[in-house]
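Below you'll find the structure, written out as structure tokens, and then a few comments.
Read-outs throughout are calculated quantities, based only on the coordinates presented, and are distinct from any laboratory measurement. Note that the structure is a prediction, hence the values are computed from the model and not measured. Ideal geometry is used to build each Cβ from the backbone, glycine not excepted, and the neighbour counts take in all protein chains shown.
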Amino acid sequence: MLTTTPPGAHTESDLPPHRICVEVETEYLDEQSDPKEERYVFAYTITIRNEGDAAARLLGRHWIITDANGKVQEVRGDGVVGEQPHLQPGQGFRYSSGAVLETPVGSMHGSYHMLGDDGQHFEAPIAAFTLAMPGLLH
């Protein structure tokens, strides 16, 4: 029996061994913010899941944070919240952190630098997400 894969479809063997999924939740922290002083504080909670076939360790992070005035902050560092989680296939890691902007709206995106147990270094992209004071965006 001949089995064919439709064009554009992926078989298990086609998928890369390293697949990291990143989900983000954000929250405006009113009690820590001071709009009169152009201080807008946001918390974000990240869930990182290893959806690949190989274990990997998160070695570092790279964030690009942009406010509504176009001011860019670039942040690089080891691990996340003082840890370098080692994720087995199917395992996840969740952490919370924060960002301070001078405007009530901004965005963040970046990547995690990962090291697979097979010795392969790779980047896990973090798609852009919005930081916004409630009621400003619809």
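Things to note:
- Amide H contacts under 5 Å for Ile126, placed H, 5+ residues apart: Gly110, Ser111, Tyr112
- Sequentially through region 84-97, phi angles give Karplus couplings (6.51, -1.76, 1.60; θ = phi - 60°) of 10, x, 9, 10, 6, x, x, 8, x, 9, 10, 8, 10, 8 Hz, Gly and Pro residues having no value and appearing as x.
- Computed over every Cα-Cα pair of the chain and binned at 10 Å starting from 0, the pair-distance distribution P(r) comes out as 11, 36, 26, 17, 7, 2, 0, 0 percent.
- Gly60 long-range amide H proximity, modeled H, under 5 Å: Gly79, His113
- The chain - charge dipole about Cα centre, Lys and Arg +1 at Cβ, Asp and Glu -1, debye rounded to 20: 120
- Stretch gain in nm, segment His62-Asp78, where the contour uses 0.36 nm per residue and the Cα spacing is subtracted: 4.8 nm
- For region 16-132, the relative contact order works out to 30 percent when only alpha carbon pairs closer than 8 Å and six or more residues apart are counted.
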